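Everything below concerns the one structure shown next.
The values are calculated or read from the model by the stated rules, or taken from the named source; none is laboratory data. Nothing here was measured: the structure is a model prediction, and the numbers come from that model. Reconstructed Cβ throughout: ideal geometry from the backbone, glycine too, with neighbour counts over all protein chains shown. We work out accessible area using only protein heavy atoms, side chains counted, and drop any ligands, DNA or RNA first. Shrake-Rupley method; radii C 1.70, N 1.55, O 1.52, S 1.80 Å.
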Amino acid sequence: MATAPPDASRPVIIVGSGLAGLAAAHEAAKAGATVHMLERGPKPGGNSIKASSGINGAGTQFQRASGILNDTSDLFRNDTIRSAGFRFQTRKEAATGNDIDRESLVDTLTKSSASAIHWLADEIGVDLTVVAALGGHSVARTHRGAGKTPPGAAIVTGLLQKLEQRPEFKLHTSARVTQIHVDGEGRVRGVRYVQKSEGGREGQQPRRENQEEEPKEEQVDLYGPVIFTAGGFAGDAHGQLARYRPDLAGLPSTNEARPGPHGLMAGVGAELIDMDSVQVHPTGFVDPSDANSPYKILAAEMLRGEGGILLSPQGRRFVNELERRDVISEAIMGLPQPATEQGIKQWDVTLLLDPGAIDATAGHLGFYTFKGLVEKKKVKDLDPAVIETVDRYAELVASGRDDDEFGRRTFGHWRLVPGEANREEEVCVGRVTPVVHFTMGGVAFDNKARVLRRASDGGALVPVSGLWAAGEVTGGLHGDNRLGGSSLLECVVFGRVAGREAAEAAK
Ligand SMILES: Cc1cc2nc3c(=O)[nH]c(=O)nc-3n(C[C@H](O)[C@H](O)[C@H](O)COP(=O)(O)OP(=O)(O)OC[C@H]3O[C@@H](n4cnc5c(N)ncnc54)[C@H](O)[C@@H]3O)c2cc1C
């Protein structure tokens, strides 16, 4: 417990500098608040900066310009709830206030999706003109730019540039929040953080303890409304992941290795929900030069959306490549698994892109090629079983028939023709395997991005005064399976709400 000094100015404190934090910071600063953003890493951006497929929006100007005229927030809502699975079967509980109101969170997400895209494009200046279909979506609604910069990096950089122009905004890197201050009535009053000396601490009075033992770190107390945008725990292999999903031990991850922040928030009463809902993404690249690394670069879903197919070790298709992530991951994990090496569980699946998909993803492929994760091969140099599969698939696409075997409905930009005519054409191949990617669970929250706790009688969920959250740290919105492109969206939608609400509270 701590008491805020009476004369303390009340900045909005944002914990974590990924997209949710940056969106919150932008709105809070715009509303006139001073914003202190605390980031444990040496650089801002979190996992957000790595996002590679894009951000969802239903009914956007960019969809219309691409000829997609039939998307609506209702269609997006239905896709989201279908993907979310069994977690959405608790409506009675929601009505009594004993569970979060999941459907209303989805309503907010999907209804605000077009305005989130337009905000990023018009106000922040991010290029989001290219639209692709990802797994589980009825139509193409995942937006990214036409150039080489992946969408996460483009959005994070755009927001940081805008924020740097605002004198109200102060970014502290290498600043790890270790404690949330609450007063005697359980209201959040601020945070304590540890500032590594090489970071950018600004304007705070340090309270240095154990100076002789820890000369390079200072503890700093900061008071004001707090927004937690500290991300998920998919990179916390030996901590929260091991606690909530021990069965995933040994699977590699696409996430930065760092402890999940949820324990800190639970310490001030925040309710944690759906913590065992962890998304295993079907396609992380196995780097041939470091095959047993526990960290994998994501093979973005849009590679399949734009036309890529997946092949078993026998060179056969085995799944609709645009099924939901959980379905494809399960299908891969049902294939024979090569012997586990160095404790890493991985499979031997090939992602193959034809020349049409190569062209449509050229901006991204350059990076994957540079990293040695994919290589180009002429069709004639592929295994005979793969050539046979490619021919059968090319024939299916050319015929306009349905994919009766696996049920794929859209084929992206695939244009390879079947038969001898394709033998001199180049395709792109890389080895992929399922990876721990995203944590659907997190702190309970509501439409105002307020963090919720269980009331003292154990019944309803009520807001924790002074504490907001947005982004992957929150739980409940995606149920048991998140749709690709919806995490960046939730960061923008609920991050902005949190920024506005906390700025109001700071006044
Ligand atoms: C490789 C990859 C590709 C992806 N592609 C997509 C995509 O195309 N579309 C999509 O919608 N989603 C995608 N996702 C998911 C999405 O990027 C993340 O879920 C989302 O960006 C999370 O944003 P965030 O702001 O909540 O957290 P993050 O971006 O992870 O930021 C959290 C920040 O909080 C900091 N932090 C944590 N604890 C503390 C502490 N105690 N004190 C101070 N700072 C702290 C962290 O260091 C981090 O910088 C992808 C994820 C990965 C890993």
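Brief remarks on what is shown
- Put simply, the amide H of D348, placed in the peptide plane, has no neighbours under 5 Å, leaving out anything fewer than 5 places away on its chain.
- Dipole axis of the chain (+1 Lys, Arg; -1 Asp, Glu on Cβ), positive-most option in A502, T410, G67: A502
- Annotation: peptides 332-341, 108-117, ranked by per-residue average of other Cβ atoms within 10 Å with the highest first, follow the order 108-117, 332-341.
- Three semi-axes of the equivalent ellipsoid, segment 280-436, Cα gyration tensor, whole Å, largest first: 24, 17, 15
- Each principal axis of the Cα cloud of the chain was evaluated for its coordinate range; sorted largest first, these ranges are 80, 51, 45 Å.
- Acute angle (nearest 10 degrees) that the helix 384-399 long axis makes with the longest principal axis of the chain, alpha-carbon atoms: 80 degrees
- According to the calculation over all Cα-Cα pairs in segment 138-185, the P(r) per 10 Å bin from zero is 18, 27, 29, 18, 8, 1 %.
- Pairs of lysine residues in segment 280-436 - Cα separation under 22 Å, sequence separation of 8 or more or cross-chain: 4
- Ranked packing of 145-157, 242-254, most packed first, by mean Cβ within 10 Å: 145-157, 242-254
- Here the Debye sum runs over all C-alpha atoms of segment 69-200 as equal scatterers in vacuum, and log10 of I(q)/I(0) at q = 0.12, 0.16, 0.20, 0.22 Å⁻¹ comes out as -0.81, -1.07, -1.11, -1.17.
- Of V191, T178, P151, farthest towards positive along the dipole that unit charges on Lys, Arg, Asp, Glu beta carbons give segment 120-194: T178
- Placing +1 on the Cβ of every Lys and Arg and -1 on the Cβ of every Asp and Glu, with no other charges, gives the chain a dipole of roughly 760 debye about its Cα centre.
- Cut-off 12 Å between beta-carbons: net charge of the residues surrounding G239, Lys and Arg +1, Asp and Glu -1: +2
- Rounded tilt (10° steps) of 73-84 against the dominant C-alpha axis of the chain: 90 degrees
- Here's how it looks for V451: its modeled amide H is under 5 Å from those of V464, L467, W468, A469, which are all 5 or more places away or on a different chain.
- Among residues other than A33 with Cβ under 14 Å from its Cβ, the summed charge is +3 (Lys and Arg +1, Asp and Glu -1).
- Accessible solvent surface per residue of the chain, calculated while the other protein chains remain in place, 1.4 angstrom probe, Å²: 40 Å²
- Less than 5 angstrom separates the built amide H of F169 from those of V35, all sequence-distant by 5 or more or on a different chain.
- Cα-based reach from K507 at 20 Å (exclusive), listing lysines while leaving out same-chain residues under 8 positions away: K30, K170, K448
- For the peptides 267-278, 283-294, the ranking by packing is 267-278, 283-294, with the highest mean count of neighbouring Cβ atoms within 10 Å listed first.
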